[in-house]
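Asks: So that we are looking at the same thing, I have put the structure below in structure tokens.
The values are calculated or read from the model by the stated rules, or taken from the named source; none is laboratory data. Just so it is clear, the structure is predicted and the values come from calculations on it, not from any experiment. All Cβ positions, even for glycine, are placed from backbone atoms using ideal geometry, and neighbour counts span all protein chains on display. Just so you know, the surface numbers come from the protein's heavy atoms only, side chains and all, with ligands and any DNA or RNA stripped out. Shrake-Rupley method; radii C 1.70, N 1.55, O 1.52, S 1.80 Å.
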Amino acid sequence: MSVLVNKDSKIIVQGFTGSEGTFHAGQMIEYGTNVVGGVTPGKGGQTHLDRPVFNTVSEAVEKVGADTTIIFVPPAFAADAIMEAADAGIKVIITITEGIPVADMIKAADYIKDKGSRLVGPNCPGVITPGEAKVGIMPGFVFKKGKVGIVSKSGTLTYEAADQVVKQGLGITTAIGIGGDPIIGTTTKEAVELLINDPETKAVVMIGEIGGQLEADAANWYKESGSKKPVVGFIAGETAPAGRTMGHAGAIVGGSDDTAQAKKKIMRACGIHVVDSPAEIGKKVAEVL
Amino acid sequence: MNLHEYQGKELLNSFGVRIQRGIVAHSANEAVDAAKQLTAETGTSWHVIKAQVHAGGRGKGGGVKLAKNLQEVEEIAGNIIGMNLVTPQTSAEGKKVHQVLVAEDVYYPGDSEPEEYYMSVLLNRGVGRNMIMYSTEGGMDIEQVAEETPHLIFTEEIDPAVGILPFQARRVAFNLGLSGTAFKEMTKFVTALYTAYVKSDASLFEINPVLKTSDDKILAVDSKVTLDDNALYRHRDLAELRDLREENPIEVEAGSLGLNYVDLDGNVGCMVNGAGLAMATMDLIKHSGGEPANFLDVGGTADASRVEAAFKIILKDPNVKAILINIFGGIVRCDRVAQGVIDAYKNLGNINVPIIVRLQGTNADIAKELIDNSGLDVLSATEFQEAADKVQEVLS
């Protein structure tokens, strides 16, 4: 078992023939991911990386049965790509693109909400189920197969956490990069819930950062669920000043309730094993398992 | 990106939001001319002189003053322009004032008492929609209102598919206790304000106070406008309003080099790939007994030229006593980053602070060997904790 993506996912790449799309699609294919084609408007009918290129997502759904997409489309056109994927009936839409205007994401999030699609991202590293499917830009070799699920807003910090977990002799079921933007599809709570409900996942690592209420919502859900599966948590940005955006558009302390300290307090109160040092994530996971 | 009050007001006015009128001036003489022109246009006899800097609480620092005649306009403008304005939102040194807004007096007496309200438009991240937040308690610190009298703060969430609806604008006006002409004016004001917010791709509008004048007009007396940086590509005219004098010069320089840098007060500089890992590295520095001197995300391609640029930026800060480089190499290979660090170090020559380089991921072992054999005064590490221990070591 795994969540969101596995060896049977039929994956297409939107923005397939661009430089980012080409590079990362190549890496995904090399990893063994089931990439069935791609979409670049105006280049339909061509072949790229030995796979068919389609003009529209609906054509890709029709011809090769695509159910999952990964989006590398530039920021100005990315929200449109998300809506096109949802309209075509794609089930899992993973958006890597960073820098999408907030207004565009408000519209896209509203448009897709009743379409039965799950959006992951934007501004995220993607999702990986080790040994089955890498639908993202993460280095595949870091993620060894195992029993720990990871949810994170960040890219390299996810790799760091996975590396620490693997070095403890454990491995990963699925790692979900939910993204660092103010508006994202799958929330921390939804991602944690998916992993808690996955029988193969025996523990969850939840990595958040300053800004917003997602970690508090996830912590409250976890407490109410009564789950006995341990969750290890870390919040980045304890040393970040208020009112400044720290790289990720969503990483900004707006008030007293979205600081790292406030989030960690709620998480601890909800039974999450919070570490204060980012170097102790792996050790803590080994300890609670 | 933040706008000055006068820029924000011009933006609002262009979308039909009524504003307290004013003219920006860069000298005492210009301020007098502006005051004369305003009197001719609006009939105002008094003028308000307001320092134009990117910081709230300007009144508390003496940056907003009433002038009752032209002599006072000249005097006050002369005093404010060039001063270092210290407000609760600036550093202790304050912010240099380059210009003032000479504005009409809108608190004139009349048939009814003037009333002040608070109004802002912003994203409600929890639901992914914009909302209008407003209160009868205008002119006050809204955080304080939220703490002491939360029942006096109202919100109106806007459905993105249809925008602000007439009944919502009416609800705002009713909740603010308005009737008659002022009621109608408020519905127009809030509708125009929301339209301006959406059309300009703003991420924050804060109007404090919104004023009901003694003759029942509704207008914006102040404006705080923040625009979505990611949407500036479709608002070239607004992008040009950026005032670099209001920003930290090192941050501006870093930005022009494609580095995401935030200046902090600590003693350990850091250079990291990825925003989340960069924040975590700052936190780790603190746990090792130091204080982070900066946030710096070098991005995905940490090659020699970027590493060198990042070194130069970090070393501009005289408080930096050590530098921690933390790169998790995924797609980017660690040995190439290591070579970049070595080349940059040699190019720069005199780096007088200890450097700890932690490289993890693709080819981390080759990278460590490169660093260790380089003959440079650089400590290498592969594990996060090891890097933390070395930071502690060099600080003690």
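Asks: Cα centroid distance between the range B:265-328 and the range B:138-181, in Å?
Replies: If we compute the Cα centre of each part, the gap is 43 Å.
Asks: Same structure, new question: Just give the residues from the range B:307-348 buried by at least 10 square angstrom of accessible area in the all-chains context relative to the isolated chain, probe 1.4 Å, and say none if nothing qualifies.
Replies: B:Phe328, B:Gly330, B:Ile331
Asks: Once you treat every alpha carbon in the range A:15-95 as an equal point and sum by Debye, what is log10 I(q)/I(0) at q = 0.12, 0.14, 0.18 Å⁻¹?
Replies: With no solvent term, the Cα-only Debye profile gives -0.28, -0.39, -0.66.
Asks: Which FRET efficiency, nearest 0.05, do B:Ile331 and B:Asn29 yield, Cβ-Cβ r, R0 41 Å? The partial results should precede the final answer.
Replies: On the way: r = 59 Å, r/R0 = 1.44.
In this case the efficiency is close to 0.10.
Asks: How many Å² of accessible surface get buried when A and B come together, counting both sides, probe radius 1.4 Å, rounded to the nearest 100?
Replies: On the way: alone 11830 and 18910 Å², together 27160 Å².
That pair of chains buries around 3600 Å² in total.
Asks: Starting from 0 in steps of 10 Å, tell me what percent of the Cα-Cα pairs of chain B lands in each bin.
Replies: Final binned percentages: 5, 19, 23, 19, 16, 12, 5, 1, 0.
Asks: When a/c is below 1.5 the answer is rounded, else prolate if a/b is larger than b/c, else oblate, so apply that to the range B:113-207 with a ≥ b ≥ c taken from the square roots of the Cα gyration tensor eigenvalues.
Replies: Cα axes put the range B:113-207 in the oblate bin.
Asks: P(r) for the range A:81-236: what percent of alpha-carbon pairs falls in each 5 Å bin, starting at zero?
Replies: Histogram of Cα-Cα distances, whole percents per bin: 2, 10, 20, 22, 21, 15, 8, 3, 0.
Asks: So what's the net charge close to A:Gly250: Lys and Arg +1, Asp and Glu -1, counting the other residues with Cβ under 9 Å from its Cβ?
Replies: On the way: positive: A:Lys153, B:Arg125; negative: A:Asp181, A:Glu209.
After counting each charged neighbour, the total is 0.
Asks: Another question, then. Just the Cα atoms of the range A:50-133, one point each, no solvent: what log10 I(q)/I(0) does Debye give at q = 0.12, 0.26 Å⁻¹?
Replies: Treating every Cα as an identical point scatterer, log10 I(q)/I(0) equals -0.33, -1.36.
Asks: Here's a follow-up. Heavy atoms only, probe 1.4 Å: what % of the accessible area of the protein assembly as shown goes to carbon and sulfur, would you let me know?
Replies: 49
Asks: Another one. Find the eigenvalues of the gyration tensor of the Cα atoms of the range A:190-252, then list the square roots of 5 times those eigenvalues as equivalent ellipsoid semi-axes, largest first, in whole angstrom. Present the calculation step by step, with values, prior to reporting the outcome.
Replies: Details: eigenvalues 139, 24, 18 Å².
They are 26, 11, 10 Å, listed largest first.
Asks: What is the range B:61-173's relative contact order, in percent, from Cα pairs under 8 angstrom and six or more apart in sequence?
Replies: Numbers: 114 pairs, mean separation 16.6, N = 113.
With pairs under 8 Å counted, the relative contact order is 15 percent.
Asks: Report the Stokes-Einstein translational diffusion coefficient (µm² s⁻¹, integer) for chain A, Rh taken as the Kirkwood radius over Cα pairs, at 4 °C with viscosity 1.567 mPa s. Could the numbers behind the result be given before it?
Replies: Values: Rh = 18.9 Å.
Answer, rounded: 69 µm²/s.
Asks: Now for a different question. GluC sites (Glu not before Pro), restricted to the range B:50-113: which are DSSP loop and have at most 10 other Cβ atoms within 10 Å?
Replies: Values: sites: B:Glu72, B:Glu74, B:Glu75, B:Glu93, B:Glu104; in loops: B:Glu93.
Of the GluC sites (Glu not before Pro), the ones in loops of the range B:50-113 whose Cβ has at most 10 other Cβ atoms within 10 Å are B:Glu93.
Asks: Going toward the positive end of the dipole of the range B:58-200, with +1 on Lys and Arg Cβ and -1 on Asp and Glu Cβ, which of B:Met133, B:His151, B:Val198 do you reach last?
Replies: B:Val198
Asks: Please give the net charge around A:Thr33, taking every other residue with its beta carbon less than 14 angstrom from that of A:Thr33, where Lys and Arg add +1 and Asp and Glu add -1. Can you show the working numbers first?
Replies: Numbers: positive: A:Lys7, A:Lys10, A:Arg51, A:Lys134; negative: A:Asp8, A:Glu30, A:Asp50, A:Asp67, A:Glu132.
Charge balance in the 14 Å sphere: -1.
Asks: How shielded is A:150-161 by partner chains, expressed as the average number of their Cβ atoms within 10 Å of its Cβ atoms? Each step should come with its number before you reach the end.
Replies: Details: counts 0, 0, 1, 2, 7, 8, 19, 10, 5, 8, 10, 4.
Averaged over the peptide's residues, the number is 6.
Asks: List for the range A:222-237: residues with 10 Å² or greater reduction in accessible area, all protein chains versus chain alone, probe 1.4 Å?
Replies: Residues losing area: A:Phe234, A:Ala236, A:Gly237.
Asks: Next up: For a distance above 31 Å, tell me the whole-number percent of Cα pairs in the protein assembly as shown that qualify. Walk me through the numbers on the way to the answer.
Replies: On the way: 135472 of 234270 pairs.
The share of Cα pairs beyond 31 Å in the protein assembly as shown comes to 58 percent.
Asks: Within the set of other residues whose C-beta is less than 9 Å from the C-beta of B:Lys224, count the net charge using Lys and Arg as +1 and Asp and Glu as -1.
Replies: It works out to a net charge of -3.
Asks: Going Cα to Cα from B:Lys50, which aspartates and glutamates come in below 15 Å? Please leave out same-chain ones fewer than 8 positions away.
Replies: B:Glu5, B:Glu30, B:Glu72, B:Glu74, B:Glu75, B:Glu104, B:Asp105, B:Asp222
Asks: Take peptide A:268-280, look around each residue's Cβ out to 10 angstrom, count Cβ atoms belonging to other protein chains, and average those counts.
Replies: Neighbouring Cβ atoms belonging to other protein chains average 3 per residue here.
Asks: Just to be sure I understand the curve: with the Debye formula and one point per C-alpha of the range B:205-249, what is log10 I(q)/I(0) at q = 0.14, 0.16, 0.28, 0.32 Å⁻¹?
Replies: Debye output, listed in q order: -0.53, -0.64, -1.01, -1.09.
Asks: One-quarter of the Cα convex hull surface for the range A:7-156, in nm²?
Replies: Working: hull surface 33.8 nm².
Averaged projected area of the range A:7-156's Cα convex hull equals 8.5 nm².
Asks: In the range B:175-328, what % of DSSP beta bridges are antiparallel (nearest 5)?
Replies: 60
Asks: Angle, helix B:28-42 long axis vs. longest principal axis of chain B, Cα atoms, 0 to 90°, nearest 10?
Replies: In chain B, helix B:28-42 runs at an angle near 40 degrees to the longest axis.
Asks: So for each of A:114-126, B:142-154, B:306-318, A:217-229 I average, over its residues, the number of other beta carbons within 10 Å; can you give me the resulting order with the highest mean first? Don't skip to the end; give the middle numbers.
Replies: On the way: A:114-126: 23.0, B:142-154: 12.8, B:306-318: 19.2, A:217-229: 16.6.
The packing order, highest mean first, is A:114-126, B:306-318, A:217-229, B:142-154.
Asks: Let me ask something additional. Test of understanding: what is the full-extension gain from A:Glu62 to A:Glu20, defined as 0.36 nm times their sequence separation minus their Cα-Cα distance? Before the final figure, lay out the partial values.
Replies: Details: separation 42, 0.36 × 42 = 15.12 nm, distance 2.53 nm.
My answer for the length gained is 12.6 nm.
Asks: Figure the gain on full extension for A:Ala76 and A:Ser225 (residue separation times 0.36 nm, minus the Cα-Cα span) and round it to one decimal in nm.
Replies: Details: separation 149, 0.36 × 149 = 53.64 nm, distance 3.95 nm.
Here the segment from A:Ala76 to A:Ser225 would lengthen by 49.7 nm.
Asks: Compactness ratio of the range B:218-319: Cα Rg over 2.2 N^0.38 Å, N = residue count?
Replies: Values: Rg = 16.5 Å, N = 102, 2.2 N^0.38 = 12.8 Å.
Expressed relative to 2.2 N^0.38 Å, the Cα Rg reads 1.29.
Asks: For chain B, with every protein chain kept in place, what is the accessible area per residue (1.4 Å probe, Å²)? It would help to have the intermediate numbers written out before the result.
Replies: Values: 17100 Å² over 396 residues.
About 43 Å² of surface per residue is accessible.
Asks: Which three extents, in whole angstrom, do the alpha-carbon atoms of the range A:215-289 cover along their principal axes, largest first?
Replies: Largest to smallest, the principal-axis extents are 37, 28, 18 Å.
Asks: For a 21 Å ceiling on Cα separation, which of these pairs sit above it: B:Lys36/B:Lys212; A:Lys147/A:Lys228; A:Lys115/A:Lys223; A:Lys134/A:Lys264; B:Lys184/B:Lys212; A:Lys265/B:Lys286?
Replies: In this structure, B:Lys36/B:Lys212; A:Lys115/A:Lys223; A:Lys134/A:Lys264 exceed 21 Å between Cα atoms.
Asks: Right, another one. Could you tell me the ratio Rg/Rh of the range B:268-365? Both radii from Cα atoms, Rh via Kirkwood. Don't skip to the answer; put the middle values down first.
Replies: On the way: Rg = 12.3 Å, Rh = 13.2 Å.
Ratio of gyration radius to Kirkwood radius for the range B:268-365: 0.93.
Asks: Between the range B:3-72 and the range A:43-65, what is the C-alpha centre distance in whole Å?
Replies: Cα centroid to Cα centroid, the span is 59 Å.
Asks: May I pose another question? Please compute the modelled spin-label separation between B:Leu348 and B:Asp111, points set 7 Å along Cα→Cβ, answer in nm with one decimal.
Replies: Output for this residue pair reads 6.9 nm.
Asks: Please list, by residue number, everything in the range A:220-238 whose backbone N is under 19 Å from a paramagnetic label point 7 Å out along Cα→Cβ of A:Asn197.
Replies: Within reach of a label on A:Asn197, which here means backbone N under 19 Å from a point 7 Å along Cα→Cβ, the range A:220-238 contributes A:220-231.
Asks: Working from Cα positions, state the angle (0 to 90°, nearest 10) between the long axis of helix B:334-348 and the longest principal axis of chain B.
Replies: The angle comes out at about 80 degrees.
Asks: Next question, about the same structure. Counting only protein heavy atoms, probe 1.4 Å: which residues of the range B:159-173 lose 20 Å² or more of accessible surface in the full assembly compared with their chain by itself?
Replies: Checking the loss per residue gives B:Pro160.
Asks: Would you mind getting the accessible area per residue of the range A:68-216, heavy atoms of the protein chains only, 1.4 Å probe, in Å²? Don't skip to the end; give the middle numbers.
Replies: On the way: 3900 Å² over 149 residues.
Per-residue accessible area for the range A:68-216 comes out at 26 Å².
Asks: Where the Cα atoms of the range B:183-225 are projected onto their three principal axes, how long is each span, largest first, in whole Å?
Replies: The Cα atoms of the range B:183-225 stretch 33, 18, 9 Å along the principal axes, largest first.
Asks: Something else now. Can you pull the three principal axis extents for the Cα set of the range B:309-396, in Å, largest first?
Replies: Answer, in whole Å and largest first: 34, 28, 23 Å.
Asks: Roughly what angle does helix A:260-269 make with the longest principal axis of chain A, taking Cα atoms, 0 to 90 degrees, to the nearest 10?
Replies: It works out to around 70 degrees.
Asks: Once fully extended, how much extra length lies between B:Glu157 and B:Glu41, figured as 0.36 nm per residue of separation less the alpha-carbon to alpha-carbon distance? Numbers along the way, then the final one.
Replies: Working: separation 116, 0.36 × 116 = 41.76 nm, distance 3.78 nm.
Computed gain between B:Glu157 and B:Glu41 is 38.0 nm.
Asks: Something else now. Percent of alpha carbon pairs in the range B:133-270 separated by more than 20 Å?
Replies: Details: 5659 of 9453 pairs.
Beyond 20 Å sits 60 percent of the P(r) for the range B:133-270.
Asks: Sort B:194-206, A:55-67, A:91-103 by packing, meaning the average of other beta carbons within 10 Å per residue, with the highest value first. It would help to have the intermediate numbers written out before the result.
Replies: Numbers: B:194-206: 20.3, A:55-67: 17.7, A:91-103: 24.2.
The densest-packed peptide leads the list: A:91-103, B:194-206, A:55-67.
Asks: For the range B:31-119, what Kirkwood radius comes out of the mean inverse Cα-Cα distance, in Å?
Replies: On the way: mean 1/r = 0.0721 Å⁻¹.
The Cα-based Kirkwood calculation yields 13.9 Å.
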